[in-house]
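For reference, the structure I am asking about is given below.
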Amino acid sequence: MNWDVVEGNWKQMKGKIQEKWGDLTDDEVDQINGNREKLEGVLQEKYGKAKEEVKRDVDDFLSRH
């Protein structure tokens, strides 16, 4: 799956995003609104991970969904 599919189906993907990254609040997920860069930025802040690690995590999520 590529990010365009996630962005286009954001409402359906929100649950899967929150299932994977349980610390994200509903408000944060709503603000991300399908924007990968925003998702990565929020994940970096929430989990204290490096940018490259977050990118790999998101890529792994995409490959599984």
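Testing Gln12 on (1) out of contact with any Asp or Glu (no Cβ under 9 Å at 6 or more places or on another chain); (2) surrounded by 11 or more Cβ atoms within 10 Å (Cβ to Cβ); (3) part of a helix (DSSP H, G or I), one condition comes back false. Which one is that?
Gln12 satisfies all of (1) out of contact with any Asp or Glu (no Cβ under 9 Å at 6 or more places or on another chain); (2) surrounded by 11 or more Cβ atoms within 10 Å (Cβ to Cβ); (3) part of a helix (DSSP H, G or I) except (2).
Ok, one more. For region 15-53, which positions are closer than 14 Å to Trp3 by Cβ and among the β-branched types (Val, Ile, Thr)?
Correct list: Ile17, Ile32.
Quick one: in region 15-65, which of the residues that are in contact (Cβ under 8 Å) with a residue 40 or more places away in the chain and of a type outside the set (A, V, I, L, M, F, W, C) is surrounded by the fewest Cβ atoms within 10 Å (Cβ to Cβ)?
So, considering only residues that are in contact (Cβ under 8 Å) with a residue 40 or more places away in the chain and of a type outside the set (A, V, I, L, M, F, W, C), the one surrounded by the fewest Cβ atoms within 10 Å (Cβ to Cβ) is Ser63.
Taken together, the values in this text are just the output of simple stated rules run on the coordinates, not laboratory data. Since the structure is predicted, the reported quantities are computational estimates derived from the model, not experimental observations. When we count neighbours, we look across all protein chains shown, and the Cβ atoms used for this are built from the backbone with ideal geometry, even at glycine.
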